[in-house]
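Beneath this line is the structure, given in structure tokens, with notes to follow.
The values are calculated or read from the model by the stated rules, or taken from the named source; none is laboratory data. These numbers come from a predicted model, not from an experiment. Cβ atoms come from the backbone with ideal geometry, glycine included; neighbour counts cover every protein chain shown.
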Amino acid sequence: MTKEVKNAESFEKILDTLASGFGREEKLKADNAGADVFVKIMKPKIPESTKLRKNEHVHLRDSLIKVEHPNGSVSVGFTAKGEKGYIGRFQNDGWTVKDRNGQSHSTIVGKHFWESTQTEAKGKVGTAVAKQLKKAMDKKVGGSK
């Protein structure tokens with residue numbers, strides 16, 4: 001049994017590379033992979049109207065976007081430009097119908113597509129992120145690309 005490490009210098013270099021962690025680009029690729037999975041699962045669950053209202057340009061489903069942040073993280077939400085965030089919130093959470101006098105009449109039950117997507121995507125998003133991080137790690141240690 002050997003008591004020395006062959007190619008110790010290259011081994012140390014690999015350890016130093018791994019110790020430096022993941023950079024912004026690797027984090028961004030991994031988070032994008034997870035966000036892509038989340039969007040793919042959520043998009044069909046979002047209610048879609050068959051017509052546009054006055055002054056509307058996009059449907060709620062079409063305004064779902066990913067936003068990349070400077071720290072390498074990625075958020076999923078509805079675009080502010082399409083002004084659909086509040087509609088998404090109503091559709092997801094539901095609301096109480098009130099008349100112009102403020103009297104409640106009925107309650108519209110929410111569709112809870114966001115929560116449903118979170119539940120369904122939980123393991124799948126993690127797998128996509130881990131797969132992308134493994135690719136980055138393999139590249140750092142000189143493995144398969």
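Here are the numbers for the structure shown:
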item	result
So Q132, is it within 15 Å of L60 (Cβ to Cβ), in contact with a Gly (Cβ under 9 Å, 6 or more places away or on another chain) and not acidic (D, E)	no
Exclusive hit being assigned to a loop (DSSP other than H, G, I, E, B), among the hydrophobic types (A, V, I, L, M, F, W, C) and either within 30 Å of A80 (Cβ to Cβ) or at pLDDT 80 or above (or both), set V37, V5, V58	V58
